[in-house]
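Take a look at the structure below.
The values are calculated or read from the model by the stated rules, or taken from the named source; none is laboratory data. Fair warning: this is a prediction, and the values are worked out from it, not measured in the lab. Glycine also receives a Cβ, built like all others from the backbone with ideal geometry; neighbour counts cover every protein chain displayed. Note: areas computed on protein heavy atoms with side chains; ligands, DNA, RNA excluded. Shrake-Rupley method; radii C 1.70, N 1.55, O 1.52, S 1.80 Å.
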Amino acid sequence: MELKGKRVVLGVTGGIAAYKAAELVRLLVRQGAEVQVAMTEGASHFVTATTFQALSGRPVFTDQWDARMPNAMAHIDLSRQADLILVAPASADFLARVANGMADDLLATMVLARDCPLLVAPAMNRQMWENPATRRNVAQLQADDVGILGPACGEQACGEVGAGRMLEPEEILDEVQSFFTPKLLAGKKLLLTAGPTFEAIDPVRGITNLSSGRMGFALARAARQAGAEVTLVSGPVALPTPAGVERIDVRSALDMHAAVMARAGAVDIFVGVAAVADYRVANAADHKLKKDLGGVPPIELVENPDILAEVAALAEAPFCVGFAAESRNLDEYAQAKRRKKNIPLIVGNLIQDGFGGDDNRLVLFDENGVHPLPPAAKSVLARQLIEHIGQLTGNK
Ligand code: C5P
């Protein structure tokens, strides 16, 4: 419930992407937002008000002269109650009207009368998006501090391919969550590692650790939403890249080490979430090992570099955060790791609490003591951890 108590006016304008606004309402409501839908006349040719009413649990407004508002001030009342006005899809016509301060229907009037921020997710044919008139209108909206979400490139309802597709509802939800996240890490560069590493034995076999990468990816997303510039160095995982995050895919601990060391000197914060294999195979075979060679293949192991400890030892070290996944004695082992690696903050978790799943339980150990976080979804824990990092790095 990342949007609990947030009041969002969702404006829907005329365009085929209006059907996706129905899904957007569902996602916003599921995150706890109070969603008030206002539609233009054009939108009602694509989706009915009944759909939005059922999904938002509130009456939908389309008409400036709606008799349900006792003082005939729907435009003022509805927009003044909002924390955010989001228009998705926003048609070319609607962008033009807002850019020019027009108030010729309820939604445009609400936008003009607002005292809260406005985000728009444009959706239109690619030629309309590229038209100089639309370019001018978008530039004007940006100058007026209107947030423009997208549009994406891709196949369009008209059969053409290009820029103008509305962002997907999940992507718009992500932007809305980001909008409501305090920018505790604004201006900070954050580098993090996530997932396992894979150390080859031969071209098809290897040594790895169990790690879904979910905690690291959730942290990358939360850090981005908190305003950081985020680079995520990821081992092999099956997860989508969080919006706005630069991702570098690696396989082995040595690859991860190289990718991190090339960047660590230029960042403010480094978070090592990856489950790096402690050892790699010194004598990895170029060809697949055959069983019929007789005997067990000799596998020689050599120790991998400790990426986190090396970053922490840099002359201009960033603020370093480590993870300690333990199966027992969490406090003792985590504290010992924090001292050994010489880092200000280590995040402990018991393997049985969170491995591979969506939820986890974390304990933060820093110079001020021990801070347990109650069990929660990894996305929630990620936000709490980012808040903690934001507090510890606030004055640096
Ligand atoms: O030493 P241990 O593996 O238990 O420490 C875990 C922490 O150190 C994690 O933050 C992990 O990402 C980091 N680490 C590392 N390079 C290694 C081993 C661990 O960065 N070779």
For this session: Please report, in debye to the nearest 20, how large the charge dipole of the chain is about its Cα centre when each Lys and Arg carries +1 at its beta carbon and each Asp and Glu carries -1 there.
Result: 380 debye
For this session: Go ahead and estimate [θ] at 222 nm for the chain from helices alone: -39,500 (n - 2.57) per DSSP H run with n ≥ 4, summed, over the residue count, rounded to 500.
Result: -9500 deg cm²/dmol
Seminar exercise, completed: Sorted on mean Cβ neighbours within 10 Å (highest first), peptides 331-339, 80-88 come out as 80-88, 331-339
Problem set entry | Average accessible area per residue (Å²) across the stretch 7-180 - probe 1.4 Å, nucleic acids and ligands excluded | 44 Å²
For this session: State the antiparallel share, in %, of DSSP beta bridges confined to the stretch 7-180, rounding to the nearest 5.
Result: 20 percent
Exercise. If you count the DSSP beta bridges with both ends in the chain, what percent of them are antiparallel, to the nearest 5?
Worked result: 35 percent
Exercise. Points 7 angstrom from Cα along the Cβ direction at A266 and N283: gap in nanometres?
Worked result: 4.1 nm
For this session: Using the Karplus curve 6.51 cos²θ - 1.76 cosθ + 1.60 with θ = phi - 60°, work out ³J(HN,Hα) for each residue of the stretch 338-352 in order, rounded to whole Hz, and write x for Gly and Pro.
Result: 4, 5, 5, 7, 6, 10, x, 9, 10, 10, x, 8, 8, 3, 5
Exercise. In degrees from 0 to 90, rounded to the nearest 10, what is the angle of the helix 18-30 Cα long axis to the longest principal axis of the chain?
Worked result: 60 degrees
Problem set entry | Shape of the stretch 189-392, Cα gyration tensor, a/c cut at 1.5 | prolate
For this session: Pull out a ≥ b ≥ c, the square roots of the eigenvalues of the alpha-carbon gyration tensor of the chain, then state rounded if a/c is under 1.5, prolate if not and a/b is larger than b/c, and oblate in the remaining case.
Result: prolate
For this session: Could you rank D63, D286, D278 by how accessible they are, 1.4 Å probe, largest area first?
Result: D286, D278, D63
Exercise. When the accessible area of the chain is computed with all protein chains present and a 1.4 Å probe, what percentage of it is carbon and sulfur?
Worked result: 51 percent
Exercise. Can you put T109, T208 in order of accessible area, largest first, using a 1.4 Å probe?
Worked result: T208, T109
Problem set entry | Close Lys-Lys pairs in the stretch 245-396, where close means Cα under 30 Å and separation is 8 or more or interchain | 7
For this session: Taking the chain as the reference, fit the longest principal axis to its C-alpha atoms, fit the long axis of helix 132-143 to the helix C-alpha atoms, and give the angle between the two in degrees, 0 to 90, nearest 10.
Result: 70 degrees
Exercise. Out of residues 5 or more away from A324 or on other chains, whose amide H comes under 5 Å of its own, with H placed 1.01 Å from N in the peptide plane?
Worked result: V347, G348, N349
Seminar exercise, completed: The FRET efficiency for A163 and H371, from their Cβ-Cβ distance with R0 = 45 Å and rounded to 0.05, is 0.50
Problem set entry | the chain: angle of helix 378-393 to the longest principal axis, Cα-based, in degrees nearest 10 | 80 degrees
Exercise. HN-Hα J couplings of the stretch 202-213 from phi, Karplus 6.51/-1.76/1.60, θ = phi - 60°, integer Hz, Gly and Pro as x?
Worked result: 8, x, 10, 10, x, 10, 8, 10, 6, 6, 7, x
For this session: Ignoring everything but the protein chains, give the 1.4 Å probe accessible area of D255 in square angstrom, nearest 10.
Result: 70 Å²
Exercise. In percent, what relative contact order does the chain have, based on Cα pairs under 8 Å that are 6 or more apart in sequence?
Worked result: 11 percent
For this session: For the stretch 189-392, give the share of DSSP beta bridges that are antiparallel, in percent and rounded to the nearest 5; count only bridges with both residues there.
Result: 40 percent
Exercise. Once the dipole of the stretch 7-180 is set up with Lys and Arg at +1 and Asp and Glu at -1 on Cβ about the Cα centre, which of V60, W129, T109 lies farthest towards its positive end?
Worked result: V60
Problem set entry | Among A21, F323, M261 - extreme Cα towards positive end, dipole of the chain, charges at beta-carbon | F323
Exercise. So what does the Cα-only Debye profile of the stretch 1-94 read at q = 0.11, 0.12, 0.14 Å⁻¹, as log10 I(q)/I(0), no solvent term?
Worked result: -0.28, -0.33, -0.46
Exercise. For a label point 7 angstrom out from the Cα of E171 toward its Cβ, which stretches of the stretch 200-242 have the backbone nitrogen within less than 16 Å?
Worked result: 240-242
